Amino acid sequence: MAALPAGSAVAGPAYSEYVALGDSWAADVTGSQITTQFTPVHCLQSARNYPKQVAAALSIPVFRDATCGGAETKHMTSPQTTALGSNPPQFDSLTATTDLVTLGIGGNDAALAKSVFTCLTTDPAATPCRDTMITGDTDVMTEAIDVAATRVTATIAGIRARAPHARILLLDYFEAVGTTGGCFPEIPISDADAIWLGNKLIELNGMLARVAAATGVEFVDTYTGSTGHDSCRPPGVRWVEGLVPFSSTPVGPAAPFHPNQLGADYQARRVLETLGA
């Protein structure tokens, strides 16, 4: 499906002040269409990420996009600083008049994205991720996801304290890795580790769904409709890039294992559908 035209009007509820919060999957980090309109360059925020598409489609007059690649829940209240600049605490973008908030966070708190690179191997039978993360009956990633749940819950409470009248949407992560195996050697991760990663992503999304239900915010399920668009699919079909940092949508540098423009467009559609637009 085509991206929503910039500035197109979509019938739906009216919002006066929209703030987007979150990590690289909310920023739709890019190497080819980086904007510094809202955040410093190190955030790699896309000029066509889903928050900007939603703001344009609903013609929201006041919009602030605080999303930043690499963000964790701690960066809601603390600056995210690198040698290239500092992104202020994301909560600084919230006000008492904010009436719409989208939030995509939790993956970095659980270190799931970082673990993908631990899985890389030249041996299709090796399982470096499972060997590192599983000891006996203990799965370190499962424990990390449980810890992240408390942090995401606290983040939602923080949003409500600062923007008490806001409609809050919590997004999950769409399918980056399937649950039936990988595509070695195109992506040098063994089938066993790819299956582990795919199931951990489902586990992370399940946690986010439970947090949304427990806190009374709206959950945007982007995973269910993303089957068949994972990083092993061919260009034009995949919504998330693989290890090679180059994308055909748009053509140019990309962030490995992150949404391309097709993925960002899909996220925007799911948010707008949830908003009834």
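The values are calculated or read from the model by the stated rules, or taken from the named source; none is laboratory data. Keep in mind it's a predicted model, so treat the numbers as computed, not measured. Positions of Cβ are generated from backbone atoms using ideal geometry, with glycine treated the same way; all protein chains shown enter the neighbour counts. The protein model used for the area step is the full one, side chains on, heavy atoms only, and it has no ligands, DNA or RNA in it. Shrake-Rupley method; radii C 1.70, N 1.55, O 1.52, S 1.80 Å.
Here are the numbers for the structure shown:
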read-out: Complete set of residues in segment 1-32 that are at pLDDT 95 or above, polar (S, T, N, Q) and surrounded by fewer than 24 Cβ atoms within 10 Å (Cβ to Cβ); value: 16
read-out: Pair list, Cβ under 7 Å, 6 or more apart: segment 59-80 residue small (Gly, Ala, Ser), other residue modelled with pLDDT of 95 or more and open to solvent by 60 Å² or more (accessible area, probe 1.4 Å); value: 66/38; 69/44
read-out: Count of segment 222-253 residues which are closer than 20 Å to residue 26 by Cβ, open to solvent by less than 50 Å² (accessible area, probe 1.4 Å) and free of Cβ contacts under 8 Å to residues at least 60 places away in the same chain; value: 10
read-out: Unique residue being modelled with pLDDT of 95 or more, under 18 Å from the mean Cα position of the chain (by Cα), within 22 Å of residue 119 (Cα to Cα) and not in a loop (DSSP other than H, G, I, E, B) when the list is 198, 225; value: 198
